[in-house]
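The values are calculated or read from the model by the stated rules, or taken from the named source; none is laboratory data. Since the structure is predicted, the reported quantities are computational estimates derived from the model, not experimental observations. Positions of Cβ are generated from backbone atoms using ideal geometry, with glycine treated the same way; all protein chains shown enter the neighbour counts. Calculation scope for accessible area: heavy atoms of the full protein, side chains included, ligands and nucleic acids excluded. Shrake-Rupley method; radii C 1.70, N 1.55, O 1.52, S 1.80 Å.
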Amino acid sequence: MRTAADDASAEFHAFFERHYAELARLAHLLTGEPDAADDLAADALLALWHRWDRVRAADHPVAYARGVVANLARTRVRTAVRERRRVALFWSQRAERAENPDVAGVVDVREALRRLPFRKRACVVLRHAFDLSEKDTALALGVSVGTVKSQTSKGVAELQRLLGTRAAPPAPRQVRAAIARSGEAAGGTR
């Protein structure tokens with residue numbers, strides 16, 4: 001004897017088979033990313049499955065599915081745009097080259113930076129090495145200004161502890177030189 005769950009499952013399977021390719025094409029056209037199209041269509045169909053009782057009761061389930069794909073594609077595009085903006089903001093200011101850098105100091109600062117958790121390191125580097133404002137740093141990292149303030153403060157305090165200094169945070173020029181050297185060592189280009 002078939003249950004309602006079996007009927008719903010068979011109905012969803014038929015819907016999937018009938019509309020998956022169309023939804024993947026829609027995702028491809030909306031995002032311009034052929035690799036993401038299958039993922040977005042699958043994510044949309046998974047979301048539909050979780051609400052299948054409501055979807056199948058709708059007047060136009062395919063229209064609902066297209067709307068889910070469109071929303072997922074919009075989110076993906078917005079995320080990609082935000083990420084490109086963050087990268088552009090990060091690289092918009094070139095690191096300065098220091099004349100006769102204190103190589104030992106640069107190595108020490110670079111090693112201390114590596115030991116910081118990512119968010120603290122990112123806040124310290126963007127604020128001190130790239131001279132970004134708290135607002136621009138927050139925008140680049142996708143966090144609040146308050147988070148930038150606290151993470152920068154904690155990061156500088158941790159750097160002072162790691163570097164064995166109590167008086168002042170590492171000089172921005174030392175951090176800049178360490179960042180520049182790190183990029184060169186990794187083959188980084190801008």
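Scan segment 61-74 and report the pairs whose first residue is closer than 9 Å to Leu40 by Cβ and whose second residue is open to solvent by 60 Å² or more (accessible area, probe 1.4 Å) and charged (D, E, K, R), with Cβ atoms within less than 6 Å and a gap of 6+ or a chain change.
The qualifying pairs are Leu72/Asp43.
Taking Val148, is it open to solvent by less than 40 Å² (accessible area, probe 1.4 Å), part of a loop (DSSP other than H, G, I, E, B) and modelled with pLDDT of 85 or more? Show your work before the answer.
Values: open to solvent by less than 40 Å² (accessible area, probe 1.4 Å): yes; part of a loop (DSSP other than H, G, I, E, B): no; modelled with pLDDT of 85 or more: yes.
Criteria not met by Val148.
Restricting the search to segment 120-167, which residues are over 15 Å from Arg110 (Cβ atoms) and more than 22 Å from the chain's Cα centre (by Cα)?
Correct list: Ser153, Lys154, Val156, Ala157, Gln160, Arg161, Gly164, Thr165, Arg166, Ala167.
Can you find, within segment 98-130, the residue that is modelled with the highest pLDDT among those that are of a type in the set (D, E, K, R) and within 21 Å of Arg82 (Cα to Cα)? Step through it out loud before you land on a result.
Taking segment 98-130 as the starting set, the residues that turn out to be of a type in the set (D, E, K, R) are 99, 102, 108, 110-111, 114-115, 119-121, 127.
Then drop every residue that is not within 21 Å of Arg82 (Cα to Cα), which leaves 119-121, 127.
Details: Arg119: 86, Lys120: 89, Arg121: 85, Arg127: 86.
Among them, the one singled out is Lys120.
Output the residue which, of all residues in segment 34-46 that are under 23 Å from the mean Cα position of the chain (by Cα) and touching a residue at least 24 places away in the same chain (Cβ under 8 Å), is farthest from His19 (Cα to Cα).
Ala36
Take Arg51 and tell me if it is surrounded by 15 or more Cβ atoms within 10 Å (Cβ to Cβ), among the basic types (Lys, Arg) and over 21 Å from the mean Cα position of the chain (by Cα).
Numbers: surrounded by 15 or more Cβ atoms within 10 Å (Cβ to Cβ): no; among the basic types (Lys, Arg): yes; over 21 Å from the mean Cα position of the chain (by Cα): yes.
So Arg51 does not fit the description; no.
Being more than 30 Å from Val125 (Cβ to Cβ) and at pLDDT below 80 is true for just one of Ala27, Ala5, Ala95, Ala21. Which residue is that? Before you say what the answer is, go through the steps one by one.
Details: Ala27 fails: at pLDDT below 80; Ala95 fails: more than 30 Å from Val125 (Cβ to Cβ); Ala21 fails: at pLDDT below 80.
Just one listed residue meets the conditions, Ala5.
Can you pull out the residues in segment 108-130 that are in contact with a helix residue (DSSP H, G or I) (Cβ under 7 Å, 6 or more places away or on another chain) and surrounded by fewer than 20 Cβ atoms within 10 Å (Cβ to Cβ)?
Correct list: Asp108, Arg110, Arg115, Arg119, Arg121.
Taking segment 54-80 as the search range and keeping residues that are assigned to a helix (DSSP H, G or I) and charged (D, E, K, R), which one is most open to solvent (accessible area, probe 1.4 Å)?
Step one: of segment 54-80, the residues assigned to a helix (DSSP H, G or I) are 54-57, 61-80.
Filter again for charged (D, E, K, R), leaving 54, 56, 66, 74, 76, 78.
Values: Arg54: 166, Arg56: 86, Arg66: 105, Arg74: 107, Arg76: 96, Arg78: 140 Å².
So, considering only residues that are assigned to a helix (DSSP H, G or I) and charged (D, E, K, R), the one most open to solvent (accessible area, probe 1.4 Å) is Arg54.
Somewhere in segment 176-185, is a residue among the β-branched types (Val, Ile, Thr), modelled with pLDDT under 65, surrounded by 12 or more Cβ atoms within 10 Å (Cβ to Cβ) and more than 18 Å from Val87 (Cβ to Cβ)?
The first filter runs over segment 176-185 and keeps only residues among the β-branched types (Val, Ile, Thr), leaving 179.
Pick out the ones that are also modelled with pLDDT under 65 and you get 179.
Now narrow it down to the ones that are surrounded by 12 or more Cβ atoms within 10 Å (Cβ to Cβ): 179.
If we keep only those that are more than 18 Å from Val87 (Cβ to Cβ) as well, we get none.
No: zero hits.
Ala21 fails exactly one of the following numbered conditions: (1) closer than 23 Å to Val81 by Cβ; (2) open to solvent by 30 Å² or more (accessible area, probe 1.4 Å). What is the number of that condition?
Result: Ala21 passes all but (1).
Filter segment 32-44 down to residues that are outside any loop (DSSP other than H, G, I, E, B) and either at positive phi or surrounded by 20 or more Cβ atoms within 10 Å (Cβ to Cβ) (or both), then give me how many there are.
Taking segment 32-44 and keeping what is outside any loop (DSSP other than H, G, I, E, B), we get 34-44.
In the following step, the residues that additionally are either at positive phi or surrounded by 20 or more Cβ atoms within 10 Å (Cβ to Cβ) (or both) were identified as 36-37, 40-41, 44.
Matching residues across segment 32-44 total 5.
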